[in-house]
Amino acid sequence: MTKKEIKELAKAIMDEMDREGLDMEIVLDSKQLNMLADSIVDKLLTTYIREQATWYSTSTMDDIYNHFKQRPKKKTKKAETESELLGQLAKLMTQLNFHQDKEEYEECAEIKKEIDVVNDKLSKL
């Protein structure tokens with residue numbers, strides 16, 4: 001799909017939107033739909049390849065190691081009272097929400113294990 005064809009398609013869609021408003025129905029034939037899909041895939045792949053090339057050319061071995069290394073488990077003191085355990089549980093839940101928002105699911109799994117340990121301790125009280 002050439003830039004000219006993309007511009008023509010975009011202009012046709014914009015003209016239709018001007019006539020019909022936002023509640024318009026856009027009808028594309030299979031050729032136009034394939035051209036649009038090819039353009040989208042081309043842009044996605046181009047961006048992906050560019051990002052990968054940048055990462056591989058600028059990353060050092062230390063960066064790669066730090067990205068994939070195992071993080072040591074945090075040692076927590078042994079909580080004795082229910083209020084200390086509840087405090088730990090609240091802290092862990094806050095950390096879990098923080099890492100879920102950042103989509104760091106490996107961290108979430110580790111925190112979930114710690115939450116399970118605290119919940120077991122609470123159930124034994």
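With every protein chain kept in place and ligands, DNA and RNA left out, what is the accessible area per residue of the chain? Probe 1.4 Å, answer in Å².
Spelled out: the 1.4 Å probe surface of the chain, per residue, equals 88 Å².
So which lysines can K43 reach, going by Cα to Cα under 28 Å and dropping same-chain residues fewer than 8 places off?
Partners within reach: K3, K4, K7, K11, K31, K102.
Carbon-plus-sulfur fraction of the accessible area of the chain, 1.4 Å probe, in percent?
C and S atoms contribute 56 percent here.
Treat each spin label as a single point 7 Å out from the Cα along the C-beta direction, and report the R19 to D120 distance in nm.
Distance between the two pseudo-spin positions: 6.9 nm.
Quote the convex hull volume per residue of the chain, based on C-alpha atoms, as a whole number of Å³.
Cα convex hull per residue, to the nearest whole number: 211 Å³.
Given the Cα-Cα distance of T60 and S39 and 0.36 nm per residue of separation, how much length would full extension add, in nm?
Here the answer is 4.2 nm.
With no solvent and one equal point scatterer per Cα, compute the Debye intensity ratio I(q)/I(0) for segment 59-125 at 0.11, 0.13, 0.26 Å⁻¹ and report its log10, rounded to two decimals.
-0.34, -0.45, -1.14
Extension gain V27-T2, at 0.36 nm per residue separation less the Cα-Cα distance, in nm?
6.9 nm
The values are calculated or read from the model by the stated rules, or taken from the named source; none is laboratory data. Just so we're clear, the structure is a prediction, and the values are computed from it rather than from any experiment. All Cβ positions, even for glycine, are placed from backbone atoms using ideal geometry, and neighbour counts span all protein chains on display. When the accessible area is computed, the model is the full protein with side chains, heavy atoms only, and any ligands, DNA or RNA have been set aside. Shrake-Rupley method; radii C 1.70, N 1.55, O 1.52, S 1.80 Å.
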